[in-house]
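The block underneath contains the structure these notes are about, expressed in structure tokens.
What follows draws every value from the coordinates through simple rules; no lab data is involved. Given the structure is predicted, the values throughout are model-derived calculations rather than measurements. All Cβ positions, glycine included, derive from the backbone under ideal geometry; neighbour counts span all protein chains shown.
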Amino acid sequence: MIGKLNQVKRAEQIKARINTEFDRIARALTSSAAKQTGQDRTDTEAVIVILEDKRIEVMEKDQASYFINNWKELSDEVREKIVQDQRYRDINTQRARRRR
């Protein structure tokens with residue numbers, strides 16, 4: 001990781017918390033998918049793929065400042081990463097159409 005020693009140390013701690021949050025959400029989605037059938041299950045599994053893509057995208061960052069500036073207060077950041085993804089928006093559009 002790139003940054004001053006104290007920045008790198010702090011960023012590594014933040015990164016570990018981020019990874020734990022990704023794990024927590026993945027477990028929740030996997031549990032939800034296990035209770036679903038048909039297209040709902042397929043959609044949830046697609047969201048899990050998006051989640052894992054976002055995990056890779058975030059974890060491959062090598063600037064300590066990225067984690068310190070963007071992730072120091074971990075609240076809804078992981079969910080926001082998913083919601084902002086076009087694939088997720090497409091899934092929600094299709095869900096809405098099916099429910100009409």
Within the stretch 4-26, how many residues turn out to be farther than 19 Å from residue 83 by Cα, in contact (Cβ under 8 Å) with a residue 12 or more places away in the chain and within 16 Å of the chain's Cα centre (by Cα)?
-> 3
Take residue 53 and decide whether it is charged (D, E, K, R), out of contact with any Leu (no Cβ under 7 Å at 6 or more places or on another chain) and touching a residue at least 60 places away in the same chain (Cβ under 8 Å).
-> no
Return the total of residues in the stretch 70-100 being of a type in the set (A, V, I, L, M, F, W, C) and within 25 Å of residue 7 (Cα to Cα).
-> 3
Only one of 18, 50 is surrounded by 17 or more Cβ atoms within 10 Å (Cβ to Cβ) and touching an Asp or Glu at 6+ places or on another chain (Cβ under 7 Å), namely 50
Give the residues of the stretch 27-50 that are under 25 Å from residue 99 (Cβ atoms) and either within 14 Å of the chain's Cα centre (by Cα) or in contact (Cβ under 8 Å) with a residue 60 or more places away in the chain (or both), sorted by residue number.
-> 28, 29, 30, 44, 45, 46, 47, 48, 49, 50
